[in-house]
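Below is one structure, written out as structure tokens, with a few remarks after it.
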Amino acid sequence: MGHLPGYALPRRKEMEIYIYTVQMPGMIKETVTENADGSYTIFVNEVLSPLDKIRAVAHAKKHIDRKHFEGSNVQAIEADAHKEER
């Protein structure tokens, strides 16, 4: 698992986002985990191009910023996260 240098993104003083590149199955681009301490970890598929890694991180940040971890309707959550991507 590789850490992307310079990509720990503090959002607020009490919140941090950690980003790692990892081997992932299939066409999965990224996944986000909310950690017990209130921080988040974004795992990005290592086979993506540099530009697609940036896009994957931006997409994951939308989920964090919009508090999608509090919802349960996956289709609505993804539709909301993809609004500006179209």
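For the reader, a short list of remarks on this structure follows.
- Pairs, first closer than 11 Å to L48 by Cα in the stretch 12-30, second at pLDDT below 90 and not acidic (D, E), C-beta under 7 Å, six or more apart: T21/G2; T21/L4; V22/M1
- Consider the stretch 9-27 and keep the residues that are modelled with pLDDT under 90 and in a strand (DSSP E or B). The one that is surrounded by the fewest Cβ atoms within 10 Å (Cβ to Cβ) is R12.
- Counting the residues of the stretch 29-56 that are of a type outside the set (S, T, N, Q) and within 22 Å of K67 (Cβ to Cβ) gives 13.
- Every pair of residues 6+ apart whose Cβ atoms lie under 6 Å, when the first sits in the stretch 43-58 and is in contact (Cβ under 8 Å) with a residue 40 or more places away in the chain and over 14 Å from T33 (Cα atoms) while the second is surrounded by 14 or more Cβ atoms within 10 Å (Cβ to Cβ) and not hydrophobic (A, V, I, L, M, F, W, C): E46/T21
The values are calculated or read from the model by the stated rules, or taken from the named source; none is laboratory data. Bear in mind that the values here come from a model prediction, so they are computed numbers and not experimental data. Glycine gets a Cβ as well: all are built from the backbone with ideal geometry, and neighbour counts include every protein chain shown.
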